[in-house]
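Student: Structure in structure tokens, see below.
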Amino acid sequence: MLGDGSLERFRREGRIVVVGASLAGLRAAETLRDQGFAGSLTMIGAEPHEPYDRPPLSKQVLLGRASADRTALPRRRSVDANWRLGVPATGLDMAAKRVRLADGDEVPYDRLLISTGVRSRPWPHEDQAELDGVFVLRTRDDGAALARRLAEGPRRVLVIGAGFTGSEIASACCERGLAVTVAERGASPLVGALGGVVGAVAAELQREHGVDLRCGVMVTALEGDASGRVRAAQLSDGSTVEADVVIVSLGATRNTEWLAGSGLAAGPRGIACDAGCRAFDIRGIVTDDVYAAGDVARCPHPLFGYQFLSLEHWGNAVSQAGIAAHNMLSESTDRLPHMDVPAFWSAQFGVNIKSVGAPSLGTEILVAQGSLKEHRFVGVYGYQGRVIGAVAFDQARWLPFYQELIERTAPFPPPFPTVDRRSDGQRPVDADFPDPSVPTHGPTVTLSGYSPADRRMTFTPAH
Amino acid sequence: MTQSPLHRILDFANRADPYPVYEELRKTPVYHEDDGPYVISTYYEIRSLLHDPRISSDARNLSSATRDPLAGPDQEDMALPPSFLRLDPPEHDRLRRMTNRHFGPPHSPHRVDGMRAELHGIVSGLVDGIGDPGRIDLVEQFSYPFPVTVICRLLGVPREDEARFHTWADTIAASLDPDPDADPAERGRGAHDARTQLGMYLAGLIEERRRNPGDDMLSELATAKGPDGTMSTMELLSTAALLLIAGHETTVNLVTNGMLTLLRHPEVLQRLRADPRLAVPVVEELLRFEPPVQLLPQRTTLADVEVHGVNIPKGASLWLVLASGNRDPRRFGDPDRFDPDREDIQHLGFGSGIHSCFGAPLARLEAQLALSELARRLENPRLLEDPPPYRRNAVLRGPRHLHIACDGIRA
Ligand SMILES: Cc1cc2nc3c(=O)[nH]c(=O)nc-3n(C[C@H](O)[C@H](O)[C@H](O)COP(=O)(O)OP(=O)(O)OC[C@H]3O[C@@H](n4cnc5c(N)ncnc54)[C@H](O)[C@@H]3O)c2cc1C
Ligand code: HEM
């Protein structure tokens with residue numbers, strides 16, 4: 001759209017379609033209206049619910065402090081959209097500029113935003129996954145069903161996978177006074193996201209709160225009773241865990257199948273887009289009318305040499321949504337790049353964990369403040385002599401400082417003293433991440449090289 | 001001869017309106033002369049230093065070569081160990097955490113809100129007692145007694161002892177505000193005596209509460225056995241004294257500056273009278289526009305730190321001029337305008353980072369209740385003197401008196 005007034009016309013009477021009506025989709029719609037888009041806006045969502053917030057699902061909802069149907073996202077403004085909820089998109093025709101829906105409808109667009117996010121990776125054995133009492137946690141309905149079951153007071157809960165979500169679920173179960181076993185293939189909880197040094201602290205937290213934590217093991221099979229209820233799990237070390245609730249928390253898969261054959265550079269790692277959230281096609285040519293934002297997007301990031309970066313972070317979904325919406329309405333010279341430093345938080349076992357940057361890319365860690373033993377510290381991650389990430393356990397107020405170090409690509413280890421430097425923090429140690437060639441489901445930050453058309457499958461379910 | 005910026009901050013002649021001095025100062029975001037402190041005056045630089053772990057609040061890290069023009073009678077009694085305001089982690093975090101357990105969420109989410117009715121009672125009692133509406137000194141009759149009474153109730157000081165508490169607090173507060181005409185030695189002795197008596201009184205009260213705990217904060221602090229253990233009596237004394245001192249002059253000035261600003265902006269006062277909910281944004285904007293704590297003079301560098309291209313050496317003293325950062329045009333549009341309708345108001349009035357004001361929820365509530373009640377009940381209020389006379393103190397800045405008149409006091 002050149003300076004011929006066509007952008008103005010588009011802003012006045014164009015058609016924008018958003019596929020994926022959750023956090024990124026809603027925030028993008030709000031920004032579009034905020035920035036004066038007066039044309040027609042259609043929100044297509046696979047789930048029947050109005051946009052809601054997911055972080056409470058593994059926290060307040062499981063504790064019974066909030067009900068799953070009270071998680072609706074606060075609206076920043078009215079978006080005056082045509083909502084098509086409960087109808088997934090099933091295909092995209094980029095040439096005809098149409099989105100196909102499961103009910104057979106086709107919705108034409110001038111510009112399209114894709115924010116279809118991710119879904120939980122299911123238990124790989126379908127018959128076992130269908131046993132009563134086996135759950136995943138991604139949606140509001142998942143949260144409501146699981147909360148209901150936990151309220152019935154199961155004898156033992158088994159959580160498979162101790163990434164952030166699995167650990168939060170285990171924490172909520174403990175707080176409810178339920179017996180919990182956690183089975184994690186890695187050496188400790190959170191190891192994929194934060195490495196073994198910090199993982200060991202997470203393990204201590206779990207054990208101190210009474211979790212029966214089993215690391216370095218895999219669940220090999222789930223068993224049901226005659227009535228089809230789950231009753232036990234077999235572990236790779238030959239042991240059996242009797243549990244009447246099993247939560248499968250093995251990470252997520254990008255919702256991109258519906259784009260197969262569309263010609264868009266979309267695959268299991270997400271939709272490749274440029275720093276301004278414009279999607280690439282499979283030839284590596286950037287489109288001008290298809291955008292992506294949120295968990296489903298993979299964008300080049302200046303902090304990581306413009307390698308493509310995928311994030312499953314709430315804050316990232318919000319900021320990408322804002323950038324995508326702005327750019328959809330802008331002349332090419334007014335477009336903005338998405339450059340926010342990744343940031344993530346989690347609440348578990350009474351500790352507020354927060355990270356900035358990309359800890360999972362670090363090779364070394366320095367405990368710059370506080371102490372691992374007290375479970376209160378700031379850990380700084382180094383990669384090739386520069387600071388690349390930081391994590392805080394109950395010390396979040398310091399993180400803006402470390403974020404600045406990351407933005408400035410400051411040298412690692414940081415050469416200066418700080419308040420509260422202890423013996424832990426005298427020198428960096430190996431951050432102890434699992435071998436990167438062995439896939440884990442833990443990290444919420446992943447780099448996937450320079451190729452927009454990268455469609456390699458990296459996750460090989462080990463279960 | 002032109003004065004150095006440092007002298008102009010301290011110069012009493014600029015007390016009523018220090019903002020032009022700050023504006024000038026912001027042209028040199030990191031100002032330093034001779035062996036004085038490094039003065040930081042721009043928003044982003046101040047904020048990032050408040051989150052910088054190379055900056056200490058513990059005066060023991062100060063190199064002796066630095067001259068601090070604010071050094072004077074020490075503000076805390078040397079007989080008591082430093083309070084957490086002047087400690088670094090981990091001691092700071094431990095004491096603040098132990099105190100907060102009995103003050104705010106997650107363990108005591110109702111402490112402050114539970115005082116709402118009581119605060120309202122104190123405020124309306126003070127307004128009832130105003131007397132002659134033709135000449136009111138808002139400071140003496142209202143702003144001053146209010147926060148001391150609140151801290152007494154928070155700590156659980158028995159009603160019959162409140163009057164003594166007020167006397168000590170007044171003496172200590174006066175010592176924070178050196179009057180050049182008074183004999184410094186004598187003032188110092190008076191303040192020292194007041195601190196000693198206050199300390200002894202509190203020590204007695206703590207003993208009493210250990211034996212007969214009530215549901216007040218002091219009883220809880222004295223008897224708690226949390227994950228961090230129990231505070232020693234000395235720690236508890238410093239903490240109680242900190243709550244009193246940190247919550248006193250600051251709140252006085254917020255309420256007084258608040259009323260002064262409202263009287264200078266009658267349209268806002270009018271809106272507040274019509275809708276007491278406006279008190280929330282009014283108080284936030286006041287904390288930006290006329291912050292009671294103008295600058296933090298007590299930070300030290302643990303390492304060489306580069307700020308805005310200036311290398312500040314290890315052991316240097318920093319002044320973080322919060323009130324200047326709050327008027328930084330790079331952060332706030334039209335910064336010299338009092339505008340309670342601002343949407344984005346992350347002011348520095350309560351500081352930021354780990355030392356950010358512990359009492360903020362209480363301070364906010366106090367100021368909101370005070371200003372909305374004054375707006376509602378004073379009929380046609382007006383300033384009798386503008387600008388009012390100020391206290392000498394450049395750090396805890398506020399009027400010494402605020403003479404106003406009104407046509408009557410509504411019920
Ligand atoms: C239990 C849980 C706890 C979390 N806790 C935290 C936390 O503490 N901190 C943090 O930073 N992040 C957390 N997250 C991650 C955060 O919620 C996500 O980053 C965020 O939801 C991403 O938003 P999104 O809009 O990109 O994707 P999603 O929220 O996944 O939304 C995508 C939407 O698209 C819909 N959709 C999918 N396919 C189609 C289709 N073909 N047609 C139409 N619609 C489709 C989906 O149904 C879904 O509603 C948590 C996530 C979960 C599940
Ligand atoms: C309008 C009123 C107030 C203002 C403007 C104010 C301002 C501030 C500021 C700027 C700081 C930061 C000091 C620093 O960083 O060195 C601070 C700290 C503090 N304030 Fe307040 N304050 C107010 C009221 C109160 C009240 C009512 C209380 C007590 C109940 C209180 C208790 C404290 C304490 C204990 C600290 C030290 C916190 C720490 O070091 O962690 N304040 N205040």
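Student: When you go through B:LEU365, B:LEU384 one by one, which is the residue that is buried (at least 19 other Cβ atoms within 10 Å of the Cβ) and modelled with pLDDT of 95 or more?
Tutor: Details: B:LEU384 fails: buried (at least 19 other Cβ atoms within 10 Å of the Cβ).
None of the others qualify; the one that does is B:LEU365.
Student: Based on this model, can you work out whether B:THR300 counts as within 13 Å of ligand 2 (Cβ to nearest atom) and open to solvent by less than 10 Å² (accessible area, probe 1.4 Å)? Working first, answer last.
Tutor: Details: within 13 Å of ligand 2 (Cβ to nearest atom): yes; open to solvent by less than 10 Å² (accessible area, probe 1.4 Å): yes.
Here the answer is yes, as B:THR300 does meet what is asked.
Student: Evaluate the following for A:ALA66: is it exposed (fewer than 14 other Cβ atoms within 10 Å of the Cβ) and free of Cβ contacts under 8 Å to residues at least 24 places away in the same chain? Even if it seems obvious, please write down each step before you answer.
Tutor: Working: exposed (fewer than 14 other Cβ atoms within 10 Å of the Cβ): no; free of Cβ contacts under 8 Å to residues at least 24 places away in the same chain: yes.
Spelling it out, it is not the case that A:ALA66 is exposed (fewer than 14 other Cβ atoms within 10 Å of the Cβ) and free of Cβ contacts under 8 Å to residues at least 24 places away in the same chain.
Student: For the stretch A:413-427, how many residues meet the condition of being more than 11 Å from chain B (Cβ to nearest Cβ) and assigned to a loop (DSSP other than H, G, I, E, B)?
Tutor: Residues flagged as more than 11 Å from chain B (Cβ to nearest Cβ) and assigned to a loop (DSSP other than H, G, I, E, B) within the stretch A:413-427 amount to 2.
Student: To continue, here is another question. If you take the residues in the stretch A:395-412 that are part of a helix (DSSP H, G or I) and touching a residue at least 60 places away in the same chain (Cβ under 8 Å), which one is least open to solvent (accessible area, probe 1.4 Å)?
Tutor: Here is the first cut: in the stretch A:395-412, the ones part of a helix (DSSP H, G or I) are A:396-407.
If we keep only those that are touching a residue at least 60 places away in the same chain (Cβ under 8 Å) as well, we get A:403, A:406-407.
Details: A:GLN403: 55, A:ILE406: 1, A:GLU407: 99 Å².
Checked the stretch A:395-412; the qualifying residue least open to solvent (accessible area, probe 1.4 Å) is A:ILE406.
Student: Give all pairs with beta carbons closer than 9 Å in which a residue from the stretch A:49-63 that is near ligand 1 (Cβ under 8 Å from one of its atoms) meets a residue that is basic (Lys, Arg) and open to solvent by less than 30 Å² (accessible area, probe 1.4 Å); count only pairs at least 6 apart in sequence or on separate chains.
Tutor: Every condition considered, the pairs that remain are A:PRO51/A:ARG27.
Student: May I ask you to list the residues in the stretch B:303-353 that are within 16 Å of ligand 2 (Cβ to nearest atom), open to solvent by 30 Å² or more (accessible area, probe 1.4 Å) and either at positive phi or out of contact with any Cys (no Cβ under 6 Å at 6 or more places or on another chain) (or both)?
Tutor: Of everything in the stretch B:303-353, those that are within 16 Å of ligand 2 (Cβ to nearest atom), open to solvent by 30 Å² or more (accessible area, probe 1.4 Å) and either at positive phi or out of contact with any Cys (no Cβ under 6 Å at 6 or more places or on another chain) (or both) turn out to be B:ILE345, B:GLN346.
Student: Tally the residues that are closer than 20 Å to A:GLY305 by Cα, open to solvent by 10 Å² or more (accessible area, probe 1.4 Å) and either touching a strand residue (DSSP E or B) at 6+ places or on another chain (Cβ under 9 Å) or within 12 Å of chain B (Cβ to nearest Cβ) (or both), restricting the search to the stretch A:371-394.
Tutor: 3
Student: Across the stretch A:303-325, what is the total count of residues that are within 11 Å of ligand 1 (Cβ to nearest atom) and in contact with a Gly (Cβ under 7 Å, 6 or more places away or on another chain)?
Tutor: Summing the residues that are within 11 Å of ligand 1 (Cβ to nearest atom) and in contact with a Gly (Cβ under 7 Å, 6 or more places away or on another chain) in the stretch A:303-325 gives 4.
Student: Restricting the first residue to the stretch B:166-182 and requiring it to be modelled with pLDDT under 80, which pairs with a second residue that is open to solvent by 60 Å² or more (accessible area, probe 1.4 Å) and of a type in the set (S, T, N, Q) meet a Cβ separation below 8 Å and a spacing of at least six or different chains?
Tutor: Close Cβ pairs (under 8 Å, with a partner that is open to solvent by 60 Å² or more (accessible area, probe 1.4 Å) and of a type in the set (S, T, N, Q)) amount to B:LEU176/B:GLN75.
Student: Further, regarding this structure: Determine, yes or no, whether B:GLU366 is within 14 Å of chain A (Cβ to nearest Cβ) and farther than 30 Å from A:VAL419 by Cβ. Walk me through how you get there before you give the answer.
Tutor: Details: within 14 Å of chain A (Cβ to nearest Cβ): no; farther than 30 Å from A:VAL419 by Cβ: yes.
Criteria not met by B:GLU366.
Student: Of all residues being surrounded by 15 or more Cβ atoms within 10 Å (Cβ to Cβ) and of a type outside the set (D, E, K, R) in the stretch B:198-212, which is nearest to B:TRP168 (Cα to Cα)? Just the residue, please.
Tutor: Result: B:LEU198.
Student: Moving on. Checking A:LEU26 against (1) within 9 Å of ligand 1 (Cβ to nearest atom); (2) farther than 29 Å from A:THR287 by Cβ; (3) of a type in the set (A, V, I, L, M, F, W, C), only one condition comes out false. Which one?
Tutor: All conditions pass for A:LEU26, except number (2).
Student: Of the residues A:GLY263, A:GLY350, which single one is surrounded by fewer than 21 Cβ atoms within 10 Å (Cβ to Cβ), away from chain B (no Cβ under 14 Å), away from ligand 2 (no atom under 16 Å from the Cβ) and at positive phi?
Tutor: Working: A:GLY350 fails: away from chain B (no Cβ under 14 Å).
Of A:GLY263, A:GLY350, the one residue that is surrounded by fewer than 21 Cβ atoms within 10 Å (Cβ to Cβ), away from chain B (no Cβ under 14 Å), away from ligand 2 (no atom under 16 Å from the Cβ) and at positive phi is A:GLY263.
Student: If you go through the stretch A:288-302 one residue at a time, do you hit one that is among the hydrophobic types (A, V, I, L, M, F, W, C), touching a residue at least 24 places away in the same chain (Cβ under 8 Å), assigned to a helix (DSSP H, G or I) and more than 7 Å from ligand 1 (Cβ to nearest atom)?
Tutor: no
The values are calculated or read from the model by the stated rules, or taken from the named source; none is laboratory data. Keep in mind that what you see is a predicted model, and the values were worked out from it rather than measured. A quick note on method: Cβ atoms are made from the backbone with ideal geometry, for glycine too, and the neighbour counts reach across all protein chains shown. Ligands, DNA and RNA are stripped out before the accessible areas are found, and what is left, the full protein with its side chains, is counted by its heavy atoms. Shrake-Rupley method; radii C 1.70, N 1.55, O 1.52, S 1.80 Å.
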